[in-house]
1. State the number of residues belonging to the stretch 143-164 that are touching a residue at least 12 places away in the same chain (Cβ under 8 Å) and open to solvent by 30 Å² or more (accessible area, probe 1.4 Å).
2. For Val205, state whether it is open to solvent by 20 Å² or more (accessible area, probe 1.4 Å) and not in a helix (DSSP H, G or I).
3. Collect the residues in the stretch 220-257 that are modelled with pLDDT of 90 or more, of a type outside the set (A, V, I, L, M) and open to solvent by 50 Å² or more (accessible area, probe 1.4 Å), keeping them in residue-number order.
4. Tell me, please, whether a residue that is buried (at least 18 other Cβ atoms within 10 Å of the Cβ), of a type in the set (Gly, Ala, Ser), within 20 Å of Leu78 (Cα to Cα) and within 21 Å of the chain's Cα centre (by Cα) can be found in the stretch 129-142.
5. Among the residues of the stretch 350-359, is there at least one that is closer than 26 Å to Phe48 by Cα, in a helix (DSSP H, G or I) and either modelled with pLDDT of 90 or more or open to solvent by less than 60 Å² (accessible area, probe 1.4 Å) (or both)?
6. Pick from the stretch 279-298 the residues that are outside any helix (DSSP H, G or I) and touching an Asp or Glu at 6+ places or on another chain (Cβ under 6 Å): which of them is nearest to Arg202 (Cα to Cα)?
7. Out of the stretch 1-42, which residues are β-branched (Val, Ile, Thr), under 13 Å from the mean Cα position of the chain (by Cα) and part of a helix (DSSP H, G or I)?
8. Anything in the stretch 269-278 that is over 20 Å from the mean Cα position of the chain (by Cα) and in a helix (DSSP H, G or I)? List them, or say none.
Amino acid sequence: MRFDLVDGIRGHLLIGMLVAHLSFHPGMGWLLHFHHHALFKVFDAEFFVVIAGFLVGFLASEKIGAKPATRWELAQYLGRRTMTVYAYFTLAGFALLMLLGEGAYSWHGALSTAADVLIFQNGPRFGGILGLYILCFLLLLAAVLVLGVRPLGLLALSAGLYLLSQFSYMRGLWGIGGDIMAFDVAAWQFPFIASFALGFHRKAVGRAIDRLPEPVALAAVVGLFCASLVLAKFWITPPFAEVPPEMPRHWPRPQLHPYHLLKTLVLALAVTIVLVGGHRLLAWPRAVAAGYFRLGFLRAIGKYSIRMFTLHLILVSLFAYSVDRLTQGEKTALAFFMLAVFIAAPSVVTAIGRGYGKRGKQTEIRP
């Protein structure tokens, strides 16, 4: 089953992620003026994690329209999904590191590079989100095997783990994958598991949103968007622990500080009420948002989200490799060229596939 709106949202976020990662290079910060970060001070990974958890919860509750998944059925799905993401992470990481020269000049160097990628000691530039996905899936898999498909119980366990994560600041999952991953997985698993619970109980959540009186729904959306803008204007201090000096200036995001988590959830809730509810007072913003997220090129990108994320890693790595050799004008031109390639890629590949399909039918030899 495909979800047009979800695919469109993922397509929007993937384009935003490419824009953000290109903007992190010298002289390219102006690109963030064309990103929702300029208004809300949140990036794209936050919402990818929310969507991923929601979709897993949806599949667990419906089992593709039949009945709720059993512990073993959900475990099998999570295992398959983990292996798919892991395969893209390792192949992209090894290919990019070899292409850019690391370990490319000897068999020993190639094997060492491959081993480092396989055990999360090396990887593609900005590839940490795939590592985050893998570890979140594994955490949920382990919890499901122990507790079964009990979303509320899993949510309570997840909330406790998130609280513990705020007492120390580290990368990866208790150090695992910390060399390539900016995120603290023990913190970031919480929005993933919370969204899993929402996806599992999405019908009850949808009914609760629909039961909101029209003026209340409108006031909630306006208030949440205003709150997002206000929250974006303030900085924060650590709640429980001293921040190590090696942590980057933007540490509240990889640590998923409660304030940053609040910014993310407030904005996600505002968009959810607009898109999910059937309130007449929100009809025009819902029509505008749904029309945008159903644009063909966004849905095409979102439909192949893991493949497109891998393409994004390749483009960003190539940009980083070239950027020191280019003038400012050349960097700008290259950034726009890469964005155009990224946006066009799924539609071009689909069109080529259709063309070959038609040609194959025309040239089919009949007895």
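1. Going through the stretch 143-164 one residue at a time, the tally reaches 8.
2. no
3. Phe225, Cys226
4. yes
5. Yes, some residue in the stretch 350-359 is closer than 26 Å to Phe48 by Cα, in a helix (DSSP H, G or I) and either modelled with pLDDT of 90 or more or open to solvent by less than 60 Å² (accessible area, probe 1.4 Å) (or both).
6. Applying the first criterion (outside any helix (DSSP H, G or I)) to the stretch 279-298 yields 279, 294-295.
Restricting the remaining residues to those that are touching an Asp or Glu at 6+ places or on another chain (Cβ under 6 Å) gives 279, 294.
Numbers: His279: 18, Arg294: 21 Å.
The residue in question is His279.
7. Narrowing the stretch 1-42 to residues β-branched (Val, Ile, Thr): 6, 9, 15, 19, 42.
Keeping just the survivors that are under 13 Å from the mean Cα position of the chain (by Cα) gives 6, 9, 15, 42.
Result: Val6, Ile9, Ile15.
8. Let us first name the residues in the stretch 269-278 that are over 20 Å from the mean Cα position of the chain (by Cα), namely 273-274, 276-278.
Matches in the stretch 269-278: Ile273, Val274, Val276.
The values are calculated or read from the model by the stated rules, or taken from the named source; none is laboratory data. All values reported here derive from a predicted model rather than from experimental measurement. Glycine also receives a Cβ, built like all others from the backbone with ideal geometry; neighbour counts cover every protein chain displayed. Remember, those area values only see protein heavy atoms, side chains included, never the ligands or the DNA or RNA. Shrake-Rupley method; radii C 1.70, N 1.55, O 1.52, S 1.80 Å.
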